[in-house]
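K.L.:
Can you keep this structure in mind? I'll have questions shortly.
Values quoted throughout were computed directly from the atomic coordinates according to the rules given, and no laboratory measurement underlies them. If you're wondering where the values come from, they're calculated on a predicted model, not measured in any experiment. Backbone-built Cβ (ideal geometry, glycine too); neighbour counts: all protein chains shown.
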Amino acid sequence: MKLNTISIIGSGGMAAAIGGLAAKAGYAVEVMSRDATKAQALARQLGAGATAEPFGATPAGDLVIMAVPYAIVLDVVKQYGKRLAGRLLVDITNPIDSTFEGFVTPDGSFGAREIVRIAPADAVVVKAFNTQFSHVLAAGPVGGHPLDVFLAGDDAPAKASVSAFIERLGLRPLDVGPLPMAQTLEHFALLSLGLLAHSVKHSRFSLGVSLLG
């Protein structure tokens, strides 16, 4: 799948971070948000011809970034319904509870699986971008080293497309396996919050992999 246009549903920090990198990389970016004013403001901020489209409209991009909190992502997927048919959905959410010690998903399930459950049957879900803080992602490489973006999914061509997208943003994609591994990535995000609260004490850090030898 060759991607030239990406659609971002959401207008918060992660939408701005991913959208900013995508615009700089030459992608046509469209932003959709329940708050039309915020969508328009983000499109102006991104520049490079980025547009704000009505919330609920059929995405122009084959790749759709679900850049909304987990608390509303299932409602958003339901609202879009068949308009997401045939799309590659990138789930960046973390279904972490308000105590930052557990998850809000049903026992035995995880966020990405819940999205798959209600998305159109021919939509493909890939988990990615959920383990980086938005401001760290927006800042890009540190010391010449690209940030790591972990991804998980069951569809090999879809993961290849997401990996190519990540690389074009100047980041390093690391495939961790099939979609059930998304649950591990959601725990990885919880680990970041634990470090933030108990050890590092700030969010200016990135979790990644150091290859030795």
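K.L.:
Let me check against my output: what whole-number percent is the relative contact order of region 1-43, with C-alpha pairs under 8 Å and at least 6 apart? Don't jump to the answer; show the numbers that get you there.
P.N.:
Values: 47 pairs, mean separation 19.1, N = 43.
After rounding, I find 44 percent.
K.L.:
Please compute the length gained on full extension between Thr51 and Thr184, using 0.36 nm multiplied by the number of residues separating them and subtracting their Cα-Cα distance. Intermediate results must be reported in sequence, preceding the final value.
P.N.:
Details: separation 133, 0.36 × 133 = 47.88 nm, distance 3.43 nm.
Length gained, Thr51 through Thr184: 44.4 nm.
K.L.:
With label points built 7 Å along Cα→Cβ from the Cα atoms of Ser210 and Gln40, find their separation and express it in nm.
P.N.:
About 4.9 nm, to one decimal.
K.L.:
Mind giving me the nanometre distance, one decimal, between the label points for Asp154 and Ala138, set 7 Å out from Cα along Cα→Cβ?
P.N.:
With each label point 7 Å from Cα toward Cβ, the separation is 3.6 nm.
K.L.:
Just to confirm the filter: which trypsin sites (Lys or Arg not before Pro) across region 146-213 are DSSP coil and have at most 13 other Cβ within 10 angstrom of their Cβ?
P.N.:
Sparse-neighbourhood loop trypsin sites (Lys or Arg not before Pro): Lys201, Arg204.
K.L.:
Next up: Give the shape of region 18-62 as rounded, prolate or oblate, defined through the alpha-carbon gyration tensor: a ≥ b ≥ c are the square roots of its eigenvalues, a/c under 1.5 means rounded, and otherwise the shape is prolate if a/b is larger than b/c and oblate if not.
P.N.:
Values: a/c = 2.40, a/b = 1.33, b/c = 1.81.
Because a/c hits 1.5 or more and a/b fails to exceed b/c, region 18-62 counts as oblate.
K.L.:
Of the candidates His198, His187, His145, which one comes out as most mobile in a Gaussian network treatment of the chain with C-alpha springs shorter than 10 Å?
P.N.:
His198
K.L.:
Among the chymotrypsin sites (Phe, Trp or Tyr not before Pro) in region 47-85, which ones are in a DSSP loop with at most 13 other Cβ atoms within 10 Å of the Cβ? Mind listing them?
P.N.:
none
K.L.:
Right, here's the next one. List the lysines whose Cα sits under 26 Å from the Cα of Lys159, skipping any in the same chain fewer than 8 residues away.
P.N.:
Filter leaves Lys2, Lys24, Lys78, Lys82, Lys127.
K.L.:
Something else now. Pairs of Cα atoms under 8 Å, at least six residues apart: use those to get the relative contact order of region 1-103, whole percent. Intermediate results must be reported in sequence, preceding the final value.
P.N.:
Working: 183 pairs, mean separation 28.3, N = 103.
Relative contact order, region 1-103: 28 percent.
K.L.:
From the phi angles alone, apply the Karplus equation (6.51, -1.76, 1.60; θ = phi - 60°) to region 120-133 and give each ³J(HN,Hα) in whole Hz, x where the residue is Gly or Pro.
P.N.:
With coefficients 6.51, -1.76 and 1.60, one gets x, 4, 9, 7, 10, 10, 10, 8, 6, 6, 7, 9, 10, 6 Hz.
K.L.:
Normalising by the residue count of region 5-198, find the relative contact order in percent from Cα pairs under 8 Å and 6+ residues apart.
P.N.:
Numbers: 381 pairs, mean separation 35.8, N = 194.
That works out to 18 percent.
K.L.:
What FRET efficiency comes out for Ala85 versus Leu191 if R0 is 35 angstrom and r is the Cβ-Cβ distance? Round to the nearest 0.05.
P.N.:
On the way: r = 35 Å, r/R0 = 0.99.
Using R0 = 35 Å, I get an efficiency of 0.50.
K.L.:
Search the structure for amide H atoms under 5 Å from the amide H of Ile65, placed 1.01 Å from N in the peptide plane, and list their residues when 5 or more places away or on another chain.
P.N.:
Ser7, Ile8, Ile9, Val90
K.L.:
Pick out, in residue order, every one of the trypsin sites (Lys or Arg not before Pro) in region 1-62 that is DSSP loop and has at most 15 other C-beta atoms within 10 Å; say none if there are none. List each step's numbers first, then the result.
P.N.:
Numbers: sites: Lys2, Lys24, Arg34, Lys38, Arg44; in loops: Lys2, Arg34.
Passing sites in region 1-62 are Lys2.
K.L.:
Which whole-Hz ³J(HN,Hα) couplings does region 150-155 yield from phi under the Karplus relation 6.51 cos²θ - 1.76 cosθ + 1.60, θ = phi - 60°, glycine and proline marked x?
P.N.:
Once rounded to whole Hz, the list reads 7, 9, 9, x, 9, 9.
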